[in-house]
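The block underneath contains the structure these notes are about, expressed in structure tokens.
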Amino acid sequence: MYRAHVLVCGGTGCTSSHSPEIIDALNEELKAKGLENEVQVVRTGCFGLCSNGPIMIVYPEGCFYSQVKVEDVPEIVEEHLLKGRIVKRLLYSETLTQEEIKPLNQTNFYKKQRRVALRNCGVIDPENIEEYIAVDGYQALAKCLTELTPEDVIKIVSDSGLRGRGGGGFPTGRKWSFTAANKADQKYVVCNADEGDPGAFMDRSVLEGDPHCIIEAMAICGYATGATEGYVYVRAEYPIAVKRLEKAIEDAKAYGLLGKNIFDSGFDFDLHVRLGAGAFVCGEETALMTSIEGNRGEPRPRPPYPAVSGLFAKPTTENNVETFANIPQIVLNGPEFFNTIGTETSKGTKVFALGGKINNTGLVEIPMGTTLREIVEDIGGGIPNGRKFKAAQTGGPSGGCIPEKFLDTPMDYDSLLKIGAMVGSGGLIIMDDTSCMVDIAKFFLKFTVDESCGKCTPCRVGTRRLLEILEKITDGKGTMEDLDTMEALCYYIKDNSLCGLGQTAPNPVLSSYRHFKEEYIAHVRDKKCPAGVCKNLVQITIDPEKCKGCSACSRKCPVGAISGKIKEPFVIDQSKCIKCGVCIETCRFDAISRK
Amino acid sequence: MKSVEELLAIKNKVKGQMNVRSENGEDNIRVLVGMATCGIAAGARPVLNALVEEVAKRNLSNVYIAQTGCIGVCQYEPIVEIVEPGKEKVTYCKMTPEKAIRVVTDHIVNGKPVAEYTIGAVAK
Ligand SMILES: Cc1cc2nc3c(=O)[nH]c(=O)nc-3n(C[C@H](O)[C@H](O)[C@H](O)COP(=O)(O)O)c2cc1C
Ligand code: SF4
Ligand code: SF4
Ligand code: SF4
Ligand code: FES
């Protein structure tokens, strides 16, 4: 029996900032002090506050230590674990109040969150199946197999209002009922853990922090749809997730929670892991299944839909990791538990990977319908360096941007669609006034051009042409006609591409053009980049009034573009300058600026 | 796994061990053990561990055991304080693991403070 538990984050973020070394040091130090039988060290999944990692939480006090270093470990053991004195300097600053230690769930970052899909992340040891069982794990599966018919299960999922979290937002219960309705000798369940949206990492975190809940959910789906086999398709760049998932599958088999005749119900279910090489298009459901079959991951035309002819041409249900992560809670607590959270048409919660120009980057799970303003200002803690919010990009390369005037838009499927953005898979990138919207659109388009599989022409050639137009604009060579061509090309690609990649690729361009038309026009007509980002449209100049002629800048310039006489104003040779900005940082007199 | 009972048996076993991790609620009973240098020297650690064991054994999920620093009456260490919502704090002193177990059974479970271990009685 342990009197204290030390939870250390073992998510990818904290692992890369040395949490494994911290765990080793803790174990050693505890042993040296003879505390190894009194204090338990637990490696958990992501807490969400990755930017403050490595994260450690010590119970029973519930002290939340952030940015812990290996060198801090002896002090934590000696002071806190041995003598009961909290190490105040390591406390996450907001939890340190005058009278007492504020619990984590009352901090701004966590207060407005509601954890359903992430409920066990940072709470249990993902490699210990018994800890998952202790927090009601596998009880939903037991309930299905011993009390409910497959039809009952589908009804519960349908009534919950859960919609797919992989980007499409298709009602999950309805998807399951399609597969269930098709008769076949073999059916499959597939979990999409390809997570291709750059900047998104919620699926990784679920697999790292709570792999058993995905196993349980897939088995439930198998029971409901009549499938006895499942595949999890994970990108190979997620080694920690893969390792924990494989361990979890092994343990589930050993405990008889996967395999034959589970809970003596006659139901069999087996699970396999397949690694994806990380091509974005392999996240598209038909390409993903082609890839599992051992072929090159290219999309195939739909219909036939997977529910009719999916993996190995058998009826298949394919869902996203986060979609599955909600299932055990819904089955266990009933549809009302879920459909009382959220808005009219968007039930439950959604996990977002908050990134970009925001103080608290990390994973946040919020009730659907929370406004963007609440996410940015309350949970995210605002924009760093006193800068101004400009826009947020949701849905990554398939998504769109939300400008400042829509900060109060509720984050749900329909409200976001109405303003030309989308919930997407959950990437949420915040941009401030130093971001150029044309440049951002160009960035995402470059990504899709690289990732296009080349199977169909509108996408393969169309996106490339579109990128060329954007490059022309950011180079200052665009014309007003280019803007019209750009828009027409966007719609052409959308309407004629074979798969979702091409169909959504123009979205970042269209939505930024819709909300920031004047910024595009400034690039084309005035040859100016208002945000000062597009290198060919900005000039770095020295203000002769402010320049003291100290020569510091000219010595730092990597291309020797600055010259002048000491004590007289220096000048920049615009034909040589590569706009690196080094001189701006160098000048102590604030004489150099970017315009 | 052949039955739901098996599953629940594991759940109940491990759940008790994980109670330590729950955020402490308003209506929890708090047990504070003085663990400054003086407390440790006087044998506070075995007392603390006995309390943890006993509380876990009885699956008392509303009891929160924590360490605190020195409360300034070092000659009476090891000291254990029981803080119940809406009641006056009870301070036990010169504790041993055996006394600690009785405090759990009599005071925490049955609501009857053990008068002879309290600081008032011992100090006389
Ligand atoms: C280019 C492309 C990439 C996609 N990438 C993913 C992905 O990484 N993860 C995911 O779950 N769905 C992805 N999808 C959506 C899937 O095709 C599918 O709709 C989804 O996984 C269905 O699960 P859901 O109903 O639970 O959302 C992608 C779609 C397209 C067109
Ligand atoms: S739209 Fe693009 S990614 Fe999809 S099939 Fe066509 S070329 Fe491939
Ligand atoms: S921006 Fe860079 S290249 Fe241009 S003048 Fe300054 S230091 Fe030189
Ligand atoms: S560093 Fe500033 S003050 Fe010095 S020469 Fe350059 S511009 Fe002038
Ligand atoms: S990885 Fe540690 S908090 Fe996210």
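Before moving on, here are some points about what is shown:
- Residues located in the range A:337-377, provided they are of a type in the set (D, E) and without any contact (Cβ under 8 Å) to a residue 24 or more places away in the chain: A:E344, A:E377
- If you filter the range A:545-573 down to residues that are touching a strand residue (DSSP E or B) at 6+ places or on another chain (Cβ under 8 Å) and not hydrophobic (A, V, I, L, M, F, W, C), you find that the one that is farthest from A:D433 (Cα to Cα) is A:G564.
- Residue list for the range A:500-512, filter: open to solvent by 20 Å² or more (accessible area, probe 1.4 Å) and touching a residue at least 12 places away in the same chain (Cβ under 8 Å): A:G500, A:T504, A:N507, A:L510
- Within the range A:113-162, the set of residues being buried (at least 24 other Cβ atoms within 10 Å of the Cβ) and in contact with a strand residue (DSSP E or B) (Cβ under 6 Å, 6 or more places away or on another chain) comprises A:A117, A:L118, A:G122.
- Only listed residue being more than 16 Å from ligand 4 (Cβ to nearest atom) and in the same structural domain as A:Q329 (by TED's automatic domain parsing), chosen from A:V123, A:V135: A:V135
- Residue under evaluation A:R244, criteria (1) in contact with a Pro (Cβ under 6 Å, 6 or more places away or on another chain); (2) over 17 Å from A:M218 (Cα atoms); (3) away from ligand 1 (no atom under 13 Å from the Cβ), criterion not met: (2)
- Selection of the range A:291-307 for residues being more than 20 Å from A:G169 (Cβ to Cβ), surrounded by fewer than 19 Cβ atoms within 10 Å (Cβ to Cβ) and at pLDDT below 95 yields A:G294, A:N295, A:R296, A:R300, A:P301, A:P304.
- Helices (runs of 4 or more DSSP H) wholly inside the range A:1-112 containing at least 2 residues that are under 21 Å from the mean Cα position of the chain (by Cα) and within 14 Å of chain B (Cβ to nearest Cβ): A:108-111
- So A:G166, is it buried (at least 21 other Cβ atoms within 10 Å of the Cβ), on the phi > 0 side of the Ramachandran plot and either within 28 Å of the chain's Cα centre (by Cα) or more than 12 Å from every other protein chain (Cβ to nearest Cβ) (or both): no
- Unique residue being within 16 Å of ligand 5 (Cβ to nearest atom) and away from chain B (no Cβ under 14 Å) when the list is A:L311, A:L363: A:L363
- Those helices (runs of 4 or more DSSP H) of the range A:408-486 in which 3 or more residues are away from ligand 3 (no atom under 16 Å from the Cβ), under 19 Å from the mean Cα position of the chain (by Cα) and on the phi < 0 side of the Ramachandran plot occupy A:437-451.
- Looking across the range B:50-63 at every residue that is within 11 Å of another protein chain (Cβ to nearest Cβ) and farther than 18 Å from B:Y117 by Cβ, the one that is most open to solvent (accessible area, probe 1.4 Å) is identified as B:K57.
- Residue in the range A:188-198 that is of a type in the set (A, V, I, L, M), in a loop (DSSP other than H, G, I, E, B) and either in contact with a helix residue (DSSP H, G or I) (Cβ under 8 Å, 6 or more places away or on another chain) or surrounded by fewer than 24 Cβ atoms within 10 Å (Cβ to Cβ) (or both) present: no
- Restricting B:P46, B:P78 to residues that are in contact (Cβ under 8 Å) with a residue 40 or more places away in the chain, loosely packed, with under 15 Cβ neighbours inside 10 Å and either touching a Pro at 6+ places or on another chain (Cβ under 7 Å) or not aromatic (F, W, Y) (or both) narrows the list to B:P46.
- Among the residues of the range A:434-472, the one identified as surrounded by 22 or more Cβ atoms within 10 Å (Cβ to Cβ), more than 16 Å from ligand 1 (Cβ to nearest atom) and over 17 Å from A:I521 (Cβ atoms) is A:L466.
- Filter result for A:C144 (touching a Cys at 6+ places or on another chain (Cβ under 7 Å), outside the structural domain of A:L372 (by TED's automatic domain parsing) and in contact (Cβ under 8 Å) with a residue 24 or more places away in the chain): no
Conditions tested, residue by residue: (1) among the aliphatic types (A, V, I, L, M); (2) under 19 Å from A:K102 (Cβ atoms); (3) surrounded by fewer than 19 Cβ atoms within 10 Å (Cβ to Cβ).
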residue	(1), (2), (3)
A:A4	yes, no, no
A:G10	no, no, no
A:C14	no, no, no
A:I22	yes, no, no
A:N37	no, no, yes
A:V42	yes, no, no
A:G48	no, yes, no
A:G53	no, no, no
A:G62	no, yes, no
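The values are calculated or read from the model by the stated rules, or taken from the named source; none is laboratory data. The shown structure was predicted, so the numbers you read here are calculated from the model rather than taken from an experiment. A quick note on method: Cβ atoms are made from the backbone with ideal geometry, for glycine too, and the neighbour counts reach across all protein chains shown. Surface areas here come from the heavy atoms of the whole protein model, side chains and all, with no ligands, DNA or RNA. Shrake-Rupley method; radii C 1.70, N 1.55, O 1.52, S 1.80 Å.
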